[in-house]
Each structure stands twice: as C-alpha cells, then as structure tokens.
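A.B. asks: Following this message is one structure expressed as structure tokens.
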Amino acid sequence: MEWKNLPAHGASYDASWDTVIRQSTIGQFQLCPMRVGLTNNEGFLSPVNEKMVFGTCTHYLAEQDLVSGSERLDLLTNMGEWVEPILSEQYDWSLDQVYDPIAFFSELGVAYRTWRQQVHPLMKGSVAIEQEMWLPLGEGNNSYLSAGKPDQAMIWLKGTPDAVYEDRIVDLKTSGKAWSQAKADLSIQASLYMSLTKQELEIGIRKFTFYVYDRSKSRWDTIDTERTVPQINAALLTAYNYGLQHEAKIYPATPVPEANFNKKRGWYCQPHFCGAWNICDSKYINDGYDYTKVAIRSWN
Ligand code: SF4
C-alpha cells in the first residue's frame, strides 16, 4: 500500500483469517520478535509498571476532558474510583499493590492541571478524537483460500490517534525525561497514523505533534515533526512486512542489538523488561548475565 492509493476501498476485515498489526506490536518486533511470539504462552508475564500506568492514567484524564468538552477536576477528587478499574482491567493489578498511591495521585493531578493550562488551549477544533482506524496494508497468506477462506486474507494496520485536526495529528505521551527531536522524527507511529487518517477521514496530513509530559520537570513539551511521502510509504511497507511475519508466525529471537555487537545483550533482554524472560530459552547468550534471576511483575 502507498500513500497515493489511500483511501483504499473494497476490503473488509475478517477476524477469522486476517492479521492485524499495530505500531506498538511493531515496536516489540523491532526489539525482539520472539517476545511477540511468546506473548500469549503460559508463563508470559504481561507488563505492568508505574511508568506505563502513569501514562495510561494521564491519557485517560486528557481524553475524558476532550470527549466531554469540559474541565474534569472532578476526576482528581475520586481518583481511586477510576484508577482501580484501569489497573485491574488493563494491567491485572490492584490499588493495594501501588507503592505510594498518594504520591502517584498527586503527580497525576499535576500532569492534568499543567496539560489543561499548557496543551488544552492548543487542542481546539479537532475533527476526530480517539477514533479507532483501520487500513488494509496488502494481501496475506494465499493458502487460506484453499483452507476455506472465501476471499484473500489481508494484513491490516490498526491505530487510534489521540486527536486529528485539518492540518496535523496529535499524540500525548509521558516520559521520565525530555524527548529529543530525533525521537519524534524517527517515530514510525507518526507515519502510520498519517496513513490511517488518510484512509479513514480522507485528509492528507503530513504534520504530527507530540505533546510530551516530562515528569522530571513537570512540564509539557511540544515536539512537531513532518513526513515526506517516501517516508510514509517506507513506514507502510515496514508495517506490511511485520504483518506478514506476524501472520506467518516467524518470531526469531534477537536478544542482541546487532549481530556484530560482541553478543552483548540489549537492555530489553532482561527480567525487568521482557515478560517472556522466564519461558524463553533464547536468552542464554554467552555474556555472563545472571540467568538465575527470575522475572516478577512489579510496580517499580
Ligand atoms: S528473553 Fe530476550 S531473547 Fe527471549 S524473548 Fe525476551 S528479549 Fe527476546
């Protein structure tokens, strides 16, 4: 699929046969495909940690504000009531397991209030808020036809931009430190969400704004980035290829960042970062790492 061919018509999603790829899954593939392959296996530890939940909760506050069209200070006075369901439903965690809920709630309140002051005035006039979008990237496995599928299996891109405007797409992030411009410029998410927006809303936007909450400074930074058509086409091809790999269930283990990196494992291949650590045999590389460490799900 290419930018010039969007929106594409004719395909409809078939959950029985088609394959869905998201930018978050692409991110996992880029670290270690084996982790994607082991995700639903017995013993895989679904991730939970303070950083992820903080991001989800901050996002929830902004989303509720944008959807309702009014300031949601009420959500700051009953945090337990909505944080607990987010913890249990999205992370299989509980408020009792949060290390310091008062400090956690307090920082959430600061993040929301500063978002309201600094970012909310810049987020008026959207054409879509939190709209789930789909894009057919291309054909998938032919052999499904002989296995009973009535038409060609497809690879689909799926994503939910936080907000879309006539001239840009916006995404909210939280981070322990300030983002670099390069991080935004290299984000595949921006290219893919531009494509999803052209597919679903028929608006050809090539500008993207990340509003990033820097927790170390309690401040929202604005980072704008743009994409050329060749860059977007390259991102679509990358997503399609990962979709084909996902469909074919090809999940090689890549615990080292580069083959010529003297077999020093990547930061992501550790019990603290990889939910597959306890069930993955490919983590045993000759780098002196303590393999007796057992991964546990923890808040910090
Ligand atoms: S333990 Fe290492 S090799 Fe195994 S899935 Fe995780 S990152 Fe990949």
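What follows draws every value from the coordinates through simple rules; no lab data is involved. Quick caveat: nothing in here was measured; it's all calculated off a predicted structure. Note that we place each Cβ from the backbone using ideal geometry, even for glycine, and neighbour counts take in every protein chain shown.
A.B. asks: In whole Hz, with x marking every Gly and Pro, tabulate ³J(HN,Hα) for segment 61-67 from phi via Karplus 6.51 cos²θ - 1.76 cosθ + 1.60, θ = phi - 60°.
C.D. replies: Per residue, the Karplus-derived 3J(HN,Hα) values read 4, 5, 5, 4, 5, 5, 5 Hz.
A.B. asks: Moving to a separate point now. Read phi for every residue in segment 107-114 and hand back ³J(HN,Hα) as whole Hz from Karplus 6.51 cos²θ - 1.76 cosθ + 1.60, θ = phi - 60°, with x for Gly and Pro.
C.D. replies: Each residue's phi maps through the Karplus curve to give 5, 4, x, 5, 4, 5, 4, 6 Hz.
A.B. asks: Right, next: Quick one: which residues, 5+ away or cross-chain, put their amide H under 5 Å from the amide H of T174? H built at 1.01 Å from N.
C.D. replies: Those lying under 5 Å, H to H, from T174 are Y213.
A.B. asks: Where the only charges are on Cβ atoms (+1 Lys, Arg; -1 Asp, Glu), what is the dipole of segment 205-300 about its Cα centre, to the nearest 20 debye?
C.D. replies: It comes to approximately 180 debye.
A.B. asks: Name the long-range amide H neighbours of L137: under 5 Å, sequence gap of 5 or more, or other chain; modelled H, no Pro or chain starts.
C.D. replies: It is I155, W156, L157, by chain and number.
A.B. asks: Moving on to the next point. So if I place +1 on the C-beta of Lys and Arg and -1 on the C-beta of Asp and Glu, and nothing else carries charge, what would the dipole magnitude of the chain be about its Cα centre? I want it in debye, nearest 20.
C.D. replies: That gives the chain a dipole magnitude of about 960 debye.
A.B. asks: Given a cut-off of under 8 Å on Cα pairs at least six residues apart, what relative contact order in percent is computed for segment 3-283?
C.D. replies: Reported relative contact order: 26 percent.
A.B. asks: Using a cut-off of 14 Å between beta-carbons, work out the net charge of the residues near D287 (Lys and Arg +1, Asp and Glu -1, D287 not included).
C.D. replies: Here the count lands on +3.
A.B. asks: Taking the Cα centre of segment 136-269 as the origin, how large is its charge dipole in debye, to the nearest 20, when only Lys and Arg (+1) and Asp and Glu (-1) carry charge on their Cβ atoms?
C.D. replies: In total the dipole reaches around 720 debye.
A.B. asks: Here is a follow-up. Please report, for the Cα atoms of the chain, the Rg to one decimal and the Dmax as a whole number; what are they, in angstrom?
C.D. replies: Looking at the chain, its Cα Rg and Dmax stand at 20.6, 58 Å.
A.B. asks: Greater than 30 Å separation of Cα atoms is the criterion. Which listed pairs, K263/K293; K158/K217; K51/K207; K149/K283; K177/K293; K217/K264, meet it?
C.D. replies: As for pairs spanning more than 30 Å Cα to Cα, those are K158/K217; K149/K283; K217/K264.
A.B. asks: Over segment 81-200, calculate the relative contact order: mean separation of alpha carbon pairs under 8 Å at least 6 apart, over the residue count, as a percent.
C.D. replies: Relative contact order, segment 81-200: 21 percent.
A.B. asks: What list of ³J(HN,Hα) couplings, whole Hz, do you get for segment 221-235 from phi and the Karplus terms 6.51, -1.76, 1.60, once you set θ to phi - 60° and write x for glycine and proline?
C.D. replies: The phi angles translate into 9, 9, 10, 8, 8, 10, 10, 8, 4, x, 5, 5, 4, 5, 5 Hz.
A.B. asks: For the chain, what does -39500 (n - 2.57) per DSSP helix run (n ≥ 4), summed and divided by total residues, give at 222 nm, in deg cm²/dmol to the nearest 500?
C.D. replies: -11000 deg cm²/dmol
A.B. asks: Considering only C-alpha atoms, what is the centroid distance from segment 8-87 to segment 145-213, in Å?
C.D. replies: Comparing the Cα centres of segment 8-87 and segment 145-213, I get a distance of 14 Å.
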